[in-house]
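Structure, as structure tokens:
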Amino acid sequence: MTTAAPSLAFNKAGLLRPILWGGSIAGALDLTSAFTTNGVSVPRSIAAGLIGVQAAHSASVFPWILGVLLHFLIAFSAATIYCLTSRKLDFLPDHWLVCGFFYGISVFLVMYLIVMPLCAFHYAGPYQLRGLIQGLAAHMLLIGLPISYSLHKLSR
């Protein structure tokens, strides 16, 4: 099987463009928000989840680049899951606003309840209310909405 087969399947279903646009926009907005809130060392913290804290905070630029790549991998994965789900749940493209908000909440819950506890530094709280509210709002607006809107506009 060639590497062109999966992309052709996505393209035939009209999913390639919404996945690429939704993942790109959501990843860029979320990373910009993280830079604004926590500084430009955020990608090192993302990479630390995979390679450990010591290696991520080395003097090398590799962990920073790895963190950016991992961040966009997660954003594209979220867009792919949403777009593939829309083929079974026909209401997702039409009700993009409400579905985008709820999808942002679900992405937040997966990240904070599954991914972060399983990463290399096993972060599992305790969480502060302010951080939870900010995280929910950011994921709803910066991840859920761009992904759902890109599917709404580009899958037709």
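No lab work stands behind these numbers, since they all come straight from the coordinates. Everything quoted here is computed from the prediction, not taken from an experiment. In this analysis, Cβ positions are derived from the backbone assuming ideal geometry, glycine residues included, and neighbour counts consider all displayed protein chains.
Counting beta carbons within 10 Å around each of Val61, Val42 and listing the fewest first gives the order Val61, Val42. Here is the size of the chain from its Cα atoms: Rg then Dmax, 16.3, 49 Å. Compared with the dominant principal axis of the Cα atoms in the chain, helix 42-51 is inclined by about 90°.
Each Lys and Arg Cβ is given +1 and each Asp and Glu Cβ -1; about its Cα centre, the chain then shows a dipole of about 220 debye.
With each label point set 7 Å from Cα along the Cα-Cβ vector, what nm distance links Phe35 and Thr85? Taking the two extended label points, one gets 2.9 nm. Here the residues Thr37, Thr85, ranked from fewest to most Cβ neighbours within 10 Å of their Cβ, fall in the order Thr37, Thr85.
Ordered by the count of other Cβ atoms within 10 Å of each Cβ, fewest first, Tyr103, Tyr149, Tyr82 give Tyr149, Tyr103, Tyr82.
With the simple spin-label model, which puts each label point 7 Å out from Cα in the Cβ direction, the Arg130 to Ile114 separation comes to 3.0 nm. For the chain, the longest principal axis of the Cα atoms and the long axis of helix 145-154 meet at an angle of about 30 degrees. Report, in degrees rounded to the nearest 10, the 0 to 90 angle that the Cα long axis of helix 96-110 makes with the longest principal axis of the chain. So the inclination is approximately 40 degrees.
Summed over qualifying helices (DSSP H, 4 residues or more, each -39500 (n - 2.57)) and divided by its residue number, the chain shows a 222 nm mean residue ellipticity of -22000 deg cm²/dmol.
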